[in-house]
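A.B. asks: Pasting a structure here, questions to come.
The values are calculated or read from the model by the stated rules, or taken from the named source; none is laboratory data. Source: prediction; values computed, not measured. Cβ sites come from the backbone with ideal geometry, for glycine too, and all protein chains shown count toward neighbours. Protein only, heavy atoms only, side chains kept; ligands, DNA and RNA dropped before computing areas. Shrake-Rupley method; radii C 1.70, N 1.55, O 1.52, S 1.80 Å.
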Amino acid sequence: MRISNLFFTTQREDPADAEMPSHRLLLRAGYIRPLGAGIYSLLPLGMRVNQRVTQVIREEMNAIDGQEMLMPVVHPADLWRETGRYDQIGPEMGRFKDRGDRDMVLAMTHEEVVADLLRKLVSSWRQLPQQVYHFQTKWRDEPRSRGGLIRVREFTMKDAYSADRDEAGLDRSYARYYHAYTRIFARLGLKTIAVASDVGMMGGSQAHEFMAFSEFGEDALAICDGCGAASNRQVAVVRKPTPAAEVALPLEEVATPHADTIDALAAQLKVGPERTAKAVFFADGEGRLIVAIVRGDDDVEETKLTNAIKRRDLRPAREEEIRAAGMVPGFASPIGAKGAIVVVDDLVAASPNLVAGANKEGFHLRNVNVPRDFTPDIVADIASAKGGDPCIACGKPLRIAHGIEVGNIFKLGTRYTAALGATFADESGATHPIIMGSYGIGVGRAVACIAEAHHDEKGLAWPSVVAPFDVQVALLSAKKDPRVDAAAQALEGAAEAAGVEALIDDRDETPGVKFADAELMGAPWMATISPRSLDAGGAELTNRATGERSVVALDALLPTIVAARNADRAEIERDLLAAGYPPRLDAASAVPRS
């Protein structure tokens, strides 16, 4: 293809609102363009990368017996009402009425549709197990889009679904997807880690997220280098200390002027923050006040809190709501308060004689003990894991890393099939709900994560498996020397037969512009055909990732690129095989993962 025909343009300057490298470079190199907040067009270059990522995913889904299909993006709201999610999900769901005044929704995900298909198509154990998947547009009205393709409102997702007759079958399906996802991300050139995660709005009994390491990642990961345990910090459980036993002392009110933070309080009373109790306030969708109490050296983990109270519609409480319950911000505790749901971290419940707020401006209470001085509604682990906390499995210190979620897998169980009546008859004729799993990969986010992992100060440097073109060829002095254009035409003619996609830069631009654009756009190989290179024996070939250059005979150019591409892919397959991830995992041999 000639670049003069390509629908794109590059930009010399970084966009002002692009804070992540992938966002900056995909915009500057002409891969994407924004239409609105969190809504992007994929230009031809972006579409090419998107298609290559999609093909890798498709190959690995097919390898575990996945059957590709296509489900609608618009759903009747009644289907979502059957599972209860229509009312459980907030404004991120797109809702509208059709011309018949029927409530409709824009797909966020497709569990309801699959469960509906199962109840219509499956009746016997002989039809199970089943694995289906599709690539489809999703809409989630994110409150804050960020990072270009990292967090958007409209996106394409590969979602897959397993249907089994029992939990053992679900375990096997789950293990096969875990295996397939490991292969997918390795082939895409992403270093990922699978971490235990919250099931969130999906529900079910178990979930893992596949995280690509990134300093820009919104997710914090608690990782143990001792035993390899890894969790999203939202659900990470640590070994908490056992507080020393003490006699419960009488309450004592003490003046603490201006001590409206834990640090100020600890400094005034000359105690460690672990000897204090911190109150954090939330309100749910019905306006009920929730008071979360953790030790002063801990923070509230909101996901743990929502799981403890079984509500996901929390927001920070307003000052007037806190005062209406009899508590004073900065000097608050549940002692004497009314009308709030009190959730206490289990370590606070076990810690004697803490300092807590007196609900009086400028005063705190010493020697607060649970449950003597106030009775919690719920005691649970609601504290956030910190770097250095002991691993729950082996006791070694955890480290906190940051990552971007590129895939997830869920054991849904009967969450959807029981609600929709999707059942099967076993050998004896007894009826059982079908057991489901759900498995997603955001295609655009995967593209962005690959760009995050493969770039330098000059631009993108795509792995060969996803690159929009194998080689970008700069033609220099083509108008002055007819040999240059003749060589380009010969190269174009041979490239298709060799299975190489070449982008020929035939623009009337300076060499500097052509070289800068080639480095920005990031094809794995850059070639220069000029009178000087032809005099030297052919074309100058540059490896984009390493910068290594050499002059290669024109008839050896394409074979050199093909050999390098094949070597890259063979190396990935060798590494996967050595790690226990062969190209195909038989269902009978799949080992469930914890």
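Every residue, every condition in (1) crowded, with 20+ Cβ neighbours inside 10 Å; (2) at pLDDT 95 or above; (3) among the aliphatic types (A, V, I, L, M), yes or no:
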position	(1), (2), (3)
LYS120	no, yes, no
THR137	no, yes, no
ARG144	no, no, no
LYS158	yes, yes, no
GLY169	no, yes, no
ARG183	yes, yes, no
GLY200	no, no, no
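A.B. asks: Name the residue that is surrounded by the most Cβ atoms within 10 Å (Cβ to Cβ), counting only residues in region 341-353 that are in a helix (DSSP H, G or I) and in contact (Cβ under 8 Å) with a residue 60 or more places away in the chain.
C.D. replies: Ranking the candidates gives VAL348 first.
A.B. asks: Would you point out which residue out of ARG315, ARG323, ARG295 is surrounded by fewer than 17 Cβ atoms within 10 Å (Cβ to Cβ) and in contact with a strand residue (DSSP E or B) (Cβ under 7 Å, 6 or more places away or on another chain)?
C.D. replies: ARG315
A.B. asks: A further question on this structure: With respect to ALA16, determine if the residue is of a type in the set (Gly, Ala, Ser), in contact (Cβ under 8 Å) with a residue 60 or more places away in the chain and surrounded by fewer than 17 Cβ atoms within 10 Å (Cβ to Cβ).
C.D. replies: Judged against the criteria, ALA16 is not a match.
A.B. asks: While we're looking at this one, here's another question. List every residue pair whose Cβ atoms sit under 8 Å apart, with the two residues 6 or more apart in sequence or on different chains, where the first one lies in region 484-497 and is closer than 17 Å to ASP508 by Cβ and at pLDDT 95 or above and the second, anywhere, is in a helix (DSSP H, G or I) and not polar (S, T, N, Q).
C.D. replies: Pairs found: VAL484/PRO531; VAL484/LEU534.
A.B. asks: Pairs only if they're at least six apart or on different chains, beta carbon under 7 angstrom, first in region 244-272 and within 20 Å of LYS360 (Cβ to Cβ) and aromatic (Phe, Trp, Tyr), second in a helix (DSSP H, G or I) and open to solvent by 70 Å² or more (accessible area, probe 1.4 Å); list them, first residue then second.
C.D. replies: Matching pairs, first to second residue: none at all.
A.B. asks: Given the conditions (1) open to solvent by less than 20 Å² (accessible area, probe 1.4 Å); (2) under 41 Å from the mean Cα position of the chain (by Cα), and given that LYS338 satisfies all but one, which numbered condition is not satisfied?
C.D. replies: (1)
A.B. asks: Please determine, by comparing only the residues of region 44-79 that are part of a strand (DSSP E or B) and open to solvent by 10 Å² or more (accessible area, probe 1.4 Å), which one is nearest to SER162 (Cα to Cα).
C.D. replies: GLN67
A.B. asks: Still on this model: So which residues in region 406-417 are open to solvent by 40 Å² or more (accessible area, probe 1.4 Å) and among the basic types (Lys, Arg)?
C.D. replies: ARG415
A.B. asks: Could you check region 499-518 and list, in sequence order, the residues that are surrounded by 21 or more Cβ atoms within 10 Å (Cβ to Cβ) and under 22 Å from HIS23 (Cβ atoms)?
C.D. replies: Hits for region 499-518 are ASP517, ALA518.
A.B. asks: With respect to the numbered conditions (1) free of Cβ contacts under 8 Å to residues at least 40 places away in the same chain; (2) over 23 Å from the mean Cα position of the chain (by Cα); (3) closer than 28 Å to ARG146 by Cβ, which one is the sole condition not fulfilled by ASP101?
C.D. replies: (3)
A.B. asks: Within region 480-513, count every residue that is charged (D, E, K, R) and assigned to a helix (DSSP H, G or I). Walk me through it before giving the result.
C.D. replies: Initially, region 480-513 is screened for residues charged (D, E, K, R), giving 480-481, 483, 485, 492, 496, 501, 505-509.
So of that shortlist, the ones also assigned to a helix (DSSP H, G or I) come out as 483, 485, 492, 496.
Qualifying residue count for the region: 4.
A.B. asks: Right, next: Mind telling me which of the residues GLY296, GLY287, GLY272 ends up being within 18 Å of VAL370 (Cβ to Cβ) and of a type outside the set (A, V, I, L, M, F, W, C)?
C.D. replies: Residue meeting the stated conditions: GLY296.
A.B. asks: Filter region 204-238 for residues that are closer than 16 Å to SER438 by Cβ and over 17 Å from the mean Cα position of the chain (by Cα); which is most open to solvent (accessible area, probe 1.4 Å)? Please lay out each step first, then the result.
C.D. replies: Going residue by residue through region 204-238, those that are closer than 16 Å to SER438 by Cβ are 204-210.
Among the residues that remain, those that are also over 17 Å from the mean Cα position of the chain (by Cα) are: 204-205.
On the way: GLY204: 39, SER205: 92 Å².
Checked region 204-238; the qualifying residue most open to solvent (accessible area, probe 1.4 Å) is SER205.
A.B. asks: I would also like to ask the following. Yes or no: GLY30 touching a residue at least 12 places away in the same chain (Cβ under 8 Å), touching a Ser or Thr at 6+ places or on another chain (Cβ under 6 Å) and surrounded by 19 or more Cβ atoms within 10 Å (Cβ to Cβ)? It would help to see each step written out before you state the result.
C.D. replies: Numbers: touching a residue at least 12 places away in the same chain (Cβ under 8 Å): yes; touching a Ser or Thr at 6+ places or on another chain (Cβ under 6 Å): yes; surrounded by 19 or more Cβ atoms within 10 Å (Cβ to Cβ): yes.
Answer is yes for this residue.
A.B. asks: Now a separate question. Can we say ALA488 is open to solvent by less than 10 Å² (accessible area, probe 1.4 Å) and in contact with a Ser or Thr (Cβ under 6 Å, 6 or more places away or on another chain)?
C.D. replies: So ALA488 fails the test.
A.B. asks: Follow-up. Can you pull out the residues in region 239-259 that are under 21 Å from ASP345 (Cα atoms) and either out of contact with any strand residue (DSSP E or B) (no Cβ under 6 Å at 6 or more places or on another chain) or small (Gly, Ala, Ser) (or both)?
C.D. replies: Those that are under 21 Å from ASP345 (Cα atoms) and either out of contact with any strand residue (DSSP E or B) (no Cβ under 6 Å at 6 or more places or on another chain) or small (Gly, Ala, Ser) (or both): LYS240, PRO241, THR242, PRO243, ALA244, ALA245, GLU246, VAL247, ALA248.
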